[in-house]
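The values are calculated or read from the model by the stated rules, or taken from the named source; none is laboratory data. It should be emphasised that the depicted structure is a prediction, and the values quoted were computed from it without experimental measurement. Backbone-built Cβ (ideal geometry, glycine too); neighbour counts: all protein chains shown. These area figures cover heavy atoms from the full protein model, side chains too; ligands, DNA and RNA do not enter into them. Shrake-Rupley method; radii C 1.70, N 1.55, O 1.52, S 1.80 Å.
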Amino acid sequence: DQQVKQNSPSLSVQEGRISILNCDYTNSMFDYFLWYKKYPAEGPTFLISISSIKDKNEDGRFTVFLNKSAKHLSLHIVPSQPGDSAVYFCAAPSRGGSYIPTFGRGTSLIVHP
Amino acid sequence: DAGITQSPRYKITETGRQVTLMCHQTWSHSYMFWYRQDLGHGLRLIYYSAAADITDKGEVPDGYVVSRSKTENFPLTLESATRSQTSVYFCASTLNVGRDEQFFGPGTRLTVL
């Protein structure tokens, strides 16, 4: 049973437009969320995070929004660039367990020039 | 070299053979992890370790063995490789679980014929 769900396996966006990547979670014990970015033939790297005490966290072109009542978070990339083409993973450590992060299945973003 | 390294980067083996994937980190991080990445499944946790000589199962541990005699090393052994273990394997480390980001190695692409 997936506790962190990324229901869109892929997303295609034009350069300069906004990319919105979505993540849903089922475990109400999650209180911190992380996004990782992965290029082909490389390991994932940390991108941005958000605590449940906030509903938004911004870092340059990347903004993560958290809607606790809907158990939903989204990553916005504005403006999107071809170099943003990668797989994005949402992750959440569970407070009720070992705090080991659970990852979603990832969304492959392609930004077309 | 500082960071987290994996070896080999590519490995082809045959069904039934024993294979060991190596992971080394130079930060003295307490926690280390092994994940496998498969299409449609994202990153799935195989095993993790909270410290030297302390290991625990993740989501998909069957067919794998780990050990951690030194803080910096966390080898993953496939005792009798099967075709279903063909995958890309990522090692990761972090100082503390929960809110600290994980640092991933570059991955090992394993093919079992």
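Things to note:
- Every Cα-Cα pair of the protein assembly as shown was included, and the share exceeding 24 Å stands at 44 percent.
- Accessible area per residue in Å² at 1.4 Å probe, computed on the range A:69-113: 37
- 3J(HN,Hα) along the range A:40-47: x, 6, 10, x, x, 10, 5, 10 Hz, from the Karplus curve 6.51 cos²θ - 1.76 cosθ + 1.60 with θ = phi - 60°, whole Hz, x for Gly and Pro.
- Annotation: lysines with alpha-carbon distance below 18 angstrom to residue A:54 (same-chain offsets under eight excluded): A:68, A:71.
- Residues of the range A:1-21 with amide N under 18 Å of the 7 Å Cα→Cβ point at residue A:52: A:2-5
- Among the chymotrypsin sites (Phe, Trp or Tyr not before Pro) found in the range B:1-44, those both in a DSSP coil and sparsely packed, with 16 or fewer other Cβ atoms within 10 Å of their Cβ, are B:27.
- Phi angles of the range B:31-36 translate, via the Karplus equation with coefficients 6.51, -1.76, 1.60 and θ = phi - 60°, into HN-Hα couplings of 9, 9, 9, 10, 10, 10 Hz per residue; Gly and Pro are given as x.
- For residue A:37, the lysines whose Cα comes closer than 21 Å to its Cα, not counting residues fewer than 8 places off in the same chain, are A:5, A:56.
- Dipole of the range B:4-112, positive end: most advanced residue of B:80, B:69, B:96 [Cβ charges, Cα centre]: B:80
- Applying a DSSP loop filter and a limit of 15 other Cβ atoms within 10 Å to the GluC sites (Glu not before Pro) in the range B:43-113 leaves B:59, B:79.
- Spatial separation of Cα centroids for the range B:52-113 and the range A:73-113, in angstrom: 21
- Across the range B:13-26, rounded Karplus estimates of 3J(HN,Hα) from the backbone phi angles (6.51 cos²θ - 1.76 cosθ + 1.60, θ = phi - 60°) give 9, 10, 3, x, 7, 8, 10, 10, 9, 9, 9, 9, 10, 9 Hz, Gly and Pro being marked x.
- Computed over the range A:4-112, the P(r) curve from all C-alpha pair distances, binned at 5 Å from the origin, holds 3, 13, 24, 25, 20, 10, 4, 1, 0 percent per bin.
- Amide hydrogen neighbours beyond the local backbone of residue A:100, cut-off 5 Å, H modeled: A:94
- Pairwise label distance in nanometres, residue B:22 with residue B:67, each label 7 Å out on the Cα-Cβ vector: 1.4
- Pair residue A:78, residue B:38: separation of 7 Å Cα→Cβ label points (nm): 3.9
- Under-5 Å amide H pairs with residue B:47, H placed in peptide plane, nonlocal only: B:34, B:58
- Loop exposure criterion: trypsin sites (Lys or Arg not before Pro), DSSP state outside H, G, I, E and B, at most 13 other Cβ atoms within 10 Å. Applied to chain A, the longest stretch between such sites is A:55-113.
- With a simple spin-label model that places each label point 7 Å from the Cα along the Cα-to-Cβ direction, the separation between residue B:56 and residue A:10 comes to 3.8 nm.
- Shape of the range A:27-66, Cα gyration tensor, a/c cut at 1.5: oblate
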